[in-house]
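Chemist: One structure follows; several queries about it will come next.
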Amino acid sequence: MQDLEDFLMRNLKDRKLAAAYLTESLQQYMQRKVKGDYSLFLLAVSHVLQSQGGIPSIKEKLGMDHHNVYRVFTSRKNCEWKTFIDVLHAMGFKLQIQLQ
């Protein structure tokens, strides 16, 4: 497992690879039969965040303290949509809608 985490941390520093990873993760979420649980997508966002400097790199942009940003990624409840979008923006990403 550590080898996978090392691989992710090393490769997700590349913003294009990180964007592709997030896109694939979101597509996997959209194809799941059980909607409403996007914990695996949130895990992918967490991987990208860790590889690119962690919570300290975005907390000021979000106007949130470390604890509240951490809670976005560890809460058993899904975070609010606005908070989630704000986290993606603070990381330098945006969601994009495409035709199927």
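Chemist: For Lys59, Lys82, what's the fewest-to-most ordering of other Cβ within 10 Å of each Cβ? Walk me through the numbers on the way to the answer.
Modeler: Working: Lys59 17, Lys82 8.
Lowest to highest Cβ neighbour count: Lys82, Lys59.
Chemist: What ranking do Ile58, Ile85 get, fewest neighbouring Cβ atoms within 10 angstrom at the top? All intermediate terms of the calculation are to be shown ahead of the outcome.
Modeler: Values: Ile58 20, Ile85 14.
In increasing order of surrounding Cβ atoms, one gets Ile85, Ile58.
Chemist: Cut-off under 15 Å on the C-alpha distance; same-chain residues fewer than 8 positions from Lys59 excluded. Which aspartates and glutamates are left, in chain and number order?
Modeler: Asp86
Chemist: Sum -39500 (n - 2.57) across every DSSP H segment of at least 4 residues in the chain, then divide by the residue count to get the 222 nm mean residue ellipticity, nearest 500.
Modeler: Details: 6 runs with 63 residues, N = 100.
That comes out to -19000 deg cm²/dmol.
Chemist: Now for a separate question. With Rg/Rh (Cα atoms, Kirkwood Rh) defined as stated, name the option among (1) 0.92; (2) 0.95; (3) 1.16 computed from the structure displayed.
Modeler: (2)
Chemist: Still on this structure, I have one more. Which whole DSSP H helices in the chain pass both tests: a Cα extent of 15 Å or more along the axis and a mean Kyte-Doolittle value no lower than 0.0?
Modeler: Values: long enough: 15-31 (24 Å, -0.46); 39-51 (18 Å, 1.47).
For the chain, where a helix must reach 15 Å along its axis and average at least 0.0, the hits are 39-51.
Chemist: If you don't mind, there's one more thing I want to ask. State, as an integer percentage, the relative contact order of the chain based on alpha-carbon contacts under 8 Å between residues 6 or more apart. Display every interim value, and only then the final one.
Modeler: Values: 60 pairs, mean separation 24.8, N = 100.
Computed value for the chain: 25 percent relative contact order.
No value in this document is a laboratory result; all are computed from the given coordinates. Because the structure is predicted, anything quoted here is derived from the model rather than measured. Quick reminder, even Gly has a Cβ in these numbers, built from the backbone with ideal geometry, and neighbours come from all protein chains shown.
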